[in-house]
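Trainee: Below is a structure I'd like to ask you about.
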Amino acid sequence: MTLRVLMAVVAICVLPVIAWAQNGPLRIEITEGVVEPMPFAAPNFVPESGAANEFAERLARVVVSDLAGTGLFREVPRDAYISQITSFDAPVQYVDWKAINAQALVTGAVNVSGSNLSVKFRVYDVFSGTEIGSGLQFAGTTQGWRRMAHKVADQVYARITGEQPYFDSRVVYVSEQGPKDKRRKRLAIMDYDGANVQYLTGSEHLVLAPRFSPTGDRVLYTSYETGFPRIYVLEVGSVKRRVLESQDGSMSFAPRFSPDGRTVVYSLARGGNTDIFRMDVASGSSVRLTSGPAIETAPSYSPDGSRIVFESDRSGSQQIYIMSANGGEAKRISFGKGRYGTPVWSPRGDLIAFTKQSKGRFHIGVMRTDGSEERLLTASFLDEGPTWSPNGRVIMFTRETQGSAGSASLYSVDISGRNLKRIPTEGGASDPSWSPLQR
Amino acid sequence: MNMITKAVLLTSVLALAACSNKSDFVGDDVVDLNAGANTGFEGTGGANDPTSVAFFQQSVGDRVLFEVDTSTLTGQGRLILDGQTRWLTTNSDYTAIIEGHADEQGTREYNVALGERRANEVRDYLVSKGVPSSRLRVVSYGKERPIEICSQEGCYAKNRRAVTVLAAGLSG
């Protein structure tokens, strides 16, 4: 968190934001049609001081990992390089990069002074022989070197795809240990790519489904600390927590923040009936949004805060509904065969991600907010609990394997259905929640 | 027998039961009767003593099972709950927490809600038969606490359960 305070973003050449959209001919349009990743090169950054040597390769490696990890880019092997980048400001020998078919070239330089680290970079369209956008410099600390690399990769991704980026982001999740009948769970937080894990709670009490606040500084989650499921809010920086909902004789779970972070929508179960409530975080006062004997749970706000998508079994099986943020009549949007649960509104507002159970299999899928154009992105013994990348392009979720040795892992998949991959975690992991892009 | 004595006996019985009963979850139990437990009293409160917790668990039956995605009590379930009612009526010093559980075929939040439905179905039945509601509490663990861990119906059937866990002193 100190990084946020220390990080200053300095443009080497001051240019209006709009200029970033001026991309020249090199551009990946992210559509269903993109199959062949764009070849690119990102040589080791140029160290501009002795202390910077150790970061020269590490920074480039993270940039490569971020870009190649999207499935939209492919790194040209380094042993194919004809020329090396030894000076950040020397003219680029385009012909050498063209010869190895690198369509994009990312160059960088790093300077270290004490615990301060600064990184600058440029992106080139090799075949047209032009720079894409202008050079940028980021300043921070040596401790936060990976964030600097993510910032660079975010810029490269945004300039070439025209999309909002997502690499400088974090994921809060449930870290799991032990077999299914003796499982221990605790909250953990990590970079989106699995690095820099930090544990936020101990594993003495069962915890479920953490959810980030819109600014990423707080986390809502459910804990059995009192013996009964209750909603807690935890400050990520201080790791201080407090119970948010503790009505006696009831259970509260499935919390999520509203887009302005002032309200929490959640489920309260009492007397065999689970309904959705909304709580004002500051005052603690709550309003009931659904009634009736059905199970209503897994609520998620639309990005403008005006509507809530949730699941209900009022029709006889789990289905997805949308209602006003003030409650009232709800409209069912899922009509396919099977059960639909855990709906999550995309940050762009256009799609709902969900878990679908059909014929003994679980799927992560997306549909439009009117329920049309349903597409299943995954299939396995047990996939559940989607969370959106900050730019709405990628979905992370839990995949649990079957049998007595079964365990949970985090996976991500592009909303095109491509690029399914496991996120490396130590031990088991479930219930991911993706943070907004860090500032 | 005063309350303190009973609590000590109960603690030791639970400690013994924990060796064989996978449904004991040290750490997440609502009432941590296992904390500081010793292992004495083997002769007292054993399974042959009809007032013992072990008798309740083994002879009366401490759990009822449910069909997939339902919270309806089966005929056999009602018989077991009738036995629980008789036992709780006779042994009026005990309170109970009814734990609702689901199998792993379902999403996490839904299963918490489903387990709560199951636990309340049991609670409502016991209350309808005369057990004071002040002696009963419910909790749902959803799919978080399976006792059988294979991914087949034989295991799922045992995991879709509501377990009446005896405790002491809660209603006071």
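The values are calculated or read from the model by the stated rules, or taken from the named source; none is laboratory data. These numbers were taken from a predicted model, which means no experiment stands behind them. Backbone-built Cβ (ideal geometry, glycine too); neighbour counts: all protein chains shown.
Trainee: Go through (1) among the hydrophobic types (A, V, I, L, M, F, W, C); (2) out of contact with any Gly (no Cβ under 6 Å at 6 or more places or on another chain); (3) crowded, with 19+ Cβ neighbours inside 10 Å for A:ALA139 and report which single condition fails.
Mentor: Condition (3) is where A:ALA139 drops out.
Trainee: Of the residues A:SER412, A:SER380, which is more than 24 Å from A:ALA68 (Cα to Cα) and touching a strand residue (DSSP E or B) at 6+ places or on another chain (Cβ under 6 Å)?
Mentor: Numbers: A:SER412 fails: more than 24 Å from A:ALA68 (Cα to Cα).
Every option except A:SER380 fails the conditions.
Trainee: Quick check on B:ARG108: is it among the charged types (D, E, K, R), out of contact with any Pro (no Cβ under 6 Å at 6 or more places or on another chain) and either free of Cβ contacts under 8 Å to residues at least 40 places away in the same chain or within 14 Å of chain A (Cβ to nearest Cβ) (or both)?
Mentor: Criteria met by B:ARG108.
Trainee: May I ask you to list the residues in region B:144-163 that are of a type outside the set (Asp, Glu) and out of contact with any Lys or Arg (no Cβ under 7 Å at 6 or more places or on another chain)?
Mentor: Answer for region B:144-163, where residues must be of a type outside the set (Asp, Glu) and out of contact with any Lys or Arg (no Cβ under 7 Å at 6 or more places or on another chain): B:ARG145, B:CYS150, B:SER151, B:GLN152, B:GLY154, B:CYS155, B:TYR156, B:ALA157, B:LYS158, B:ASN159, B:ARG160.
Trainee: Would you point out which residue out of B:ILE98, B:ILE147 is hydrophobic (A, V, I, L, M, F, W, C), facing chain A (nearest Cβ under 9 Å) and under 20 Å from B:ALA54 (Cα atoms)?
Mentor: Only one candidate passes the filter, namely B:ILE147.
Trainee: A follow-up question, please. So which residues in region A:126-167 are within 30 Å of A:ALA99 (Cβ to Cβ), touching a helix residue (DSSP H, G or I) at 6+ places or on another chain (Cβ under 9 Å) and among the charged types (D, E, K, R), if there are any at all?
Mentor: A:ASP154, A:ARG159, A:GLU163
Trainee: In addition: On the given criteria, is A:MET367 away from chain B (no Cβ under 11 Å) and either within 22 Å of the chain's Cα centre (by Cα) or under 21 Å from A:PRO432 (Cβ atoms) (or both)?
Mentor: Numbers: away from chain B (no Cβ under 11 Å): yes; either within 22 Å of the chain's Cα centre (by Cα) or under 21 Å from A:PRO432 (Cβ atoms) (or both): yes.
So A:MET367 passes the test.
Trainee: For the subset of region A:307-361 comprising residues that are aliphatic (A, V, I, L, M) and over 19 Å from A:PHE397 (Cα atoms), which member is surrounded by the most Cβ atoms within 10 Å (Cβ to Cβ)? Lay out the reasoning, then the answer.
Mentor: Going residue by residue through region A:307-361, those that are aliphatic (A, V, I, L, M) are A:308-309, A:320, A:322-323, A:325, A:330, A:333, A:344, A:351-353.
Pick out the ones that are also over 19 Å from A:PHE397 (Cα atoms) and you get A:308, A:322-323, A:325, A:330, A:333.
Details: A:ILE308: 26, A:ILE322: 19, A:MET323: 20, A:ALA325: 19, A:ALA330: 21, A:ILE333: 21.
If we take residues in region A:307-361 being aliphatic (A, V, I, L, M) and over 19 Å from A:PHE397 (Cα atoms), then A:ILE308 is surrounded by the most Cβ atoms within 10 Å (Cβ to Cβ).
Trainee: Shifting gears a bit: The conditions are (1) surrounded by fewer than 17 Cβ atoms within 10 Å (Cβ to Cβ); (2) more than 13 Å from chain B (Cβ to nearest Cβ); (3) in contact with a strand residue (DSSP E or B) (Cβ under 9 Å, 6 or more places away or on another chain); (4) not β-branched (Val, Ile, Thr), and A:GLY227 fails exactly one of them. Which is it?
Mentor: With (1) surrounded by fewer than 17 Cβ atoms within 10 Å (Cβ to Cβ); (2) more than 13 Å from chain B (Cβ to nearest Cβ); (3) in contact with a strand residue (DSSP E or B) (Cβ under 9 Å, 6 or more places away or on another chain); (4) not β-branched (Val, Ile, Thr) applied to A:GLY227, the lone miss is (2).
Trainee: Mind checking which helices (runs of 4 or more DSSP H) fall wholly inside region A:42-161 and carry at least 1 residues that are in contact (Cβ under 8 Å) with a residue 60 or more places away in the chain and of a type in the set (S, T, N, Q)?
Mentor: A:53-69, A:145-161
Trainee: Across region B:103-136, what is the number of residues that are assigned to a helix (DSSP H, G or I), touching a helix residue (DSSP H, G or I) at 6+ places or on another chain (Cβ under 6 Å) and surrounded by fewer than 19 Cβ atoms within 10 Å (Cβ to Cβ)?
Mentor: Qualifying residue count, region B:103-136: 2.
Trainee: Restricting to region B:140-150, name every residue that is surrounded by fewer than 22 Cβ atoms within 10 Å (Cβ to Cβ) and not charged (D, E, K, R). Let's see the steps before the verdict.
Mentor: Keep residues of region B:140-150 that are surrounded by fewer than 22 Cβ atoms within 10 Å (Cβ to Cβ), which gives B:147-150.
Answer for region B:140-150, where residues must be surrounded by fewer than 22 Cβ atoms within 10 Å (Cβ to Cβ) and not charged (D, E, K, R): B:ILE147, B:ILE149, B:CYS150.
Trainee: Scanning for something at pLDDT 95 or above and closer than 20 Å to A:LYS151 by Cβ, does region A:15-38 turn up at least one residue?
Mentor: no
Trainee: Something else: Output the residue which, of all residues in region A:285-319 that are small (Gly, Ala, Ser) and in contact (Cβ under 8 Å) with a residue 40 or more places away in the chain, is farthest from A:SER358 (Cα to Cα).
Mentor: Among those residues, the one meeting the criterion is A:SER286.
Trainee: Here is a further query. Give the residue that is nearest to the other protein chains (Cβ to nearest Cβ), with candidates limited to residues of region A:303-325 that are under 28 Å from the mean Cα position of the chain (by Cα), farther than 19 Å from A:PRO386 by Cβ and part of a loop (DSSP other than H, G, I, E, B).
Mentor: Result: A:ALA325.
Trainee: Further question on the same structure: In region A:44-66, is there at least one residue being farther than 16 Å from A:TRP145 by Cβ, buried (at least 16 other Cβ atoms within 10 Å of the Cβ) and assigned by TED's automatic domain parsing to the domain that holds A:GLN103?
Mentor: no
Trainee: Filter region A:95-114 down to residues that are crowded, with 18+ Cβ neighbours inside 10 Å and either not assigned by TED's automatic domain parsing to the domain that holds A:GLU131 or not aliphatic (A, V, I, L, M) (or both) and give me whichever is farthest from A:MET148 (Cα to Cα).
Mentor: A:TRP97
Trainee: In the list A:ARG74, A:ARG146, A:ARG78, which residue meets the criterion of being more than 30 Å from A:ARG348 (Cβ to Cβ), not β-branched (Val, Ile, Thr) and not assigned by TED's automatic domain parsing to the domain that holds A:LEU187?
Mentor: The conditions single out A:ARG78.
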